[in-house]
Amino acid sequence: MNLTVIGTGYVGLVTGTCLADMGNNVTCVDIDEDKVKAMKNGKIPIYEPNLEELFNKNIVGDRLHFTTNLKEAIQNSSVIFLALPTPQDEDGSADLSYVKGVAHDLGKMIKGYKVIINKSTVPVGTSDIVKDIISSHTNVAFDVVSNPEFLREGYAVKDFMEPERIIIGSKSKKAKSILSKLYKPFISTKRPIIFMDERSSELTKYASNCFLATKITFMNEVANLCEIIGSDVDMVRIGMGSDSRIGNRFLYPGIGYGGSCFPKDVNALVKSSDEANYDFKILKSVLDVNVQQKKSLVPKVSRYFNNNLKGKKVAIWGLAFKPNTDDVREAPAIDVINELLLQDVEITAYDPEAMPNIERIYGDKIKFGKNAYDILEDADCLLICTEWSEFTQPSFDKIKKLLKNPIIFDGRNMFDLEAMKHNGFHYESVGRKI
Ligand code: UGA
């Protein structure tokens, strides 16, 4: 099939590349000329494991193309994906200006039947808005489908290629038949397409992300309680997770959830519930608890140093909001850094991928290292903000030799308590004994 993907952000690029890899002829459109030029030369603008090789393979195979010319891109394709940003507005709601802008453009341009498939996370009712905008410009037949994306950063290719489910929100027989054909290579009895109406599909995306954010936040509160009453959250987590109704995934406590999705989506669902005069209390608590959780590491450090961190040197491992990405949007490390800088702490930091993005925010206020060890020299303690696999089995001897004191504050519960005791560290983590 000839496909157009509008927007070459994270979702657009993964969608375009993976669909090209299934033999489709895909044209990706973006307004950013420099980005399009770079992509035409095989330069991928994001870091995502396994994506680059697939991207290059399909460019070489002449199945993946890039352009800034929307009119030209949609000429030969009746299937158009919208993968546009829906950033958080000042009031917490999702900003639909990109989606609406493209809907106007499409309305003016389409000449024959098109199915317009929205992959972005958009508030309930957006399909209707897009339909109304396009209809205001044309009488040509078209369908607008809601087809939310559930991929995780770091696992995007795998999640796209082996989805646990594909949600299609549409009442049109024609659109459903086109999408069934397009997604055929990705489905199986275990991985079905679930058809529903547009409004339910749009809410499914928000409800899924908000539920996961709630699950994590619940565990963060359990961990906080564990610290006070002397239980071990690791044990509690294993005990709870072995009930298949609860499941053992997304039960890991830490220093709060971050990223470009959960924070934005929880805010947006709260906002649209308020607009519908529904007080979504549990989600409001999730927002409050997560703000606190992201600030929870520094007080532990401060307490240890008798509430005086001025002039201390702190080393940080991990800056990205989670491992396997360079994304630092809403990363807990940013809250940690802000709080430490407020208290006049000297910061050295290392992250396998995210240092350039943090440097862009803080400039020379933070010193960065070439590897995990060279930021430790003479630091008063080490803080861990992201659980990168390269931090899982460090040389504790080396750490001890380099740090001024053998002290680690771990926001991701990476190490075994007994082993740390044995290694002679003062080790504080989340929801476990000191
Ligand atoms: C999330 C969802 O998992 C995807 O299904 C969804 O498609 C995506 O948002 C989106 O809407 O685009 P992502 O933001 O890439 O994916 O990251 P997650 O792996 O879900 O992690 C989110 C945050 O939760 C991270 O800060 C992570 O550290 C935290 N987390 C996750 C925990 O603190 N504990 C856990 O047990 C799991």
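The values are calculated or read from the model by the stated rules, or taken from the named source; none is laboratory data. Here the structure is a predicted model, which is why all the values come from computation and not from measurement. Counting neighbours? That spans all protein chains shown, and the Cβs are built from the backbone with ideal geometry, glycine included.
Among the residues making up the stretch 311-327, those that are touching a Cys at 6+ places or on another chain (Cβ under 8 Å) and under 7 Å from T386 (Cβ atoms) are G318, L319.
Give the residues of the stretch 216-229 that are near the ligand (Cβ under 10 Å from one of its atoms) and either surrounded by fewer than 17 Cβ atoms within 10 Å (Cβ to Cβ) or of a type in the set (S, T, N, Q) (or both), sorted by residue number. Within the stretch 216-229, T217, N220 meet the criteria. Need the failing condition index for D232 against (1) within 12 Å of the ligand (Cβ to nearest atom); (2) farther than 30 Å from S177 by Cβ, just the number. The single condition D232 does not satisfy is (1). Of the numbered criteria (1) exposed (fewer than 13 other Cβ atoms within 10 Å of the Cβ); (2) more than 16 Å from the ligand (Cβ to nearest atom), the one T392 fails is (2).
If you go through the stretch 17-45 and keep only what is in contact with a Lys or Arg (Cβ under 7 Å, 6 or more places away or on another chain) and farther than 26 Å from K181 by Cα, you end up with just P45. Only strands (runs of 3 or more DSSP E) whose full extent lies in the stretch 1-98 are considered here, and the ones with at least 2 residues that are at negative phi and of a type in the set (S, T, N, Q) are 2-6, 25-29. For the stretch 317-334, filtered to residues that are of a type in the set (D, E) and within 12 Å of the ligand (Cβ to nearest atom), the residue that is nearest to Q88 (Cα to Cα) is E330.
Given the condition under 29 Å from P45 (Cβ atoms) and either within 20 Å of the chain's Cα centre (by Cα) or surrounded by 22 or more Cβ atoms within 10 Å (Cβ to Cβ) (or both), answer yes or no: does some residue in the stretch 295-305 qualify? The answer is no, given that none of the residues of the stretch 295-305 is under 29 Å from P45 (Cβ atoms) and either within 20 Å of the chain's Cα centre (by Cα) or surrounded by 22 or more Cβ atoms within 10 Å (Cβ to Cβ) (or both).
Considering only residues in the stretch 359-389 that are surrounded by 22 or more Cβ atoms within 10 Å (Cβ to Cβ) and among the β-branched types (V, I, T), the one that is nearest to V430 (Cα to Cα) turns out to be I384. In the condition set (1) assigned to a loop (DSSP other than H, G, I, E, B); (2) touching a helix residue (DSSP H, G or I) at 6+ places or on another chain (Cβ under 6 Å); (3) within 11 Å of the ligand (Cβ to nearest atom), Y206 is compliant with all but (1). In the stretch 146-158, the residues that are of a type in the set (V, I, T) reach residues that are near the ligand (Cβ under 6 Å from one of its atoms) and assigned to a loop (DSSP other than H, G, I, E, B) with C-beta atoms within less than 9 angstrom, at least six apart or across chains, in these pairs: V157/L151.
When the stretch 31-56 is examined, which residues are found to be crowded, with 23+ Cβ neighbours inside 10 Å and either away from the ligand (no atom under 16 Å from the Cβ) or among the aromatic types (F, W, Y) (or both)?
M39, F55
The residues on offer are S272, S285, S260, and the sole one that is farther than 19 Å from R412 by Cβ, modelled with pLDDT of 95 or more and not assigned by TED's automatic domain parsing to the domain that holds P87 is S285. Could you tell me whether R303 is within 12 Å of the ligand (Cβ to nearest atom) and either at pLDDT below 95 or in the same structural domain as R412 (by TED's automatic domain parsing) (or both)? No, not satisfied. For Y183, state whether it is within 16 Å of the ligand (Cβ to nearest atom), under 30 Å from C18 (Cβ atoms) and either touching a residue at least 40 places away in the same chain (Cβ under 8 Å) or under 26 Å from the mean Cα position of the chain (by Cα) (or both). No: the conditions fail for Y183.
I'm checking my understanding of the structure. Among residues of the stretch 132-149 that are surrounded by fewer than 17 Cβ atoms within 10 Å (Cβ to Cβ) and outside any loop (DSSP other than H, G, I, E, B), which one is nearest to the ligand (Cβ to nearest atom)? Among them, the one singled out is D132. Restricting attention to the stretch 150-162, the residues that are in contact with an Asp or Glu (Cβ under 9 Å, 6 or more places away or on another chain), in a loop (DSSP other than H, G, I, E, B) and under 19 Å from F195 (Cα atoms) add up to 2. Of the set (1) surrounded by 14 or more Cβ atoms within 10 Å (Cβ to Cβ); (2) more than 16 Å from the chain's Cα centre (by Cα); (3) not assigned by TED's automatic domain parsing to the domain that holds D91, all apply to N277 but (1). Selection of the stretch 259-274 for residues being near the ligand (Cβ under 6 Å from one of its atoms) and in contact with a Lys or Arg (Cβ under 7 Å, 6 or more places away or on another chain) yields only G259. Within the span defined as the stretch 111-120, one or more residues are within 16 Å of the ligand (Cβ to nearest atom) and at pLDDT below 95. Is there a residue being modelled with pLDDT under 95, within 25 Å of the chain's Cα centre (by Cα) and of a type outside the set (V, I, T) anywhere in the stretch 75-86? Yes, the stretch 75-86 contains a residue that is modelled with pLDDT under 95, within 25 Å of the chain's Cα centre (by Cα) and of a type outside the set (V, I, T).
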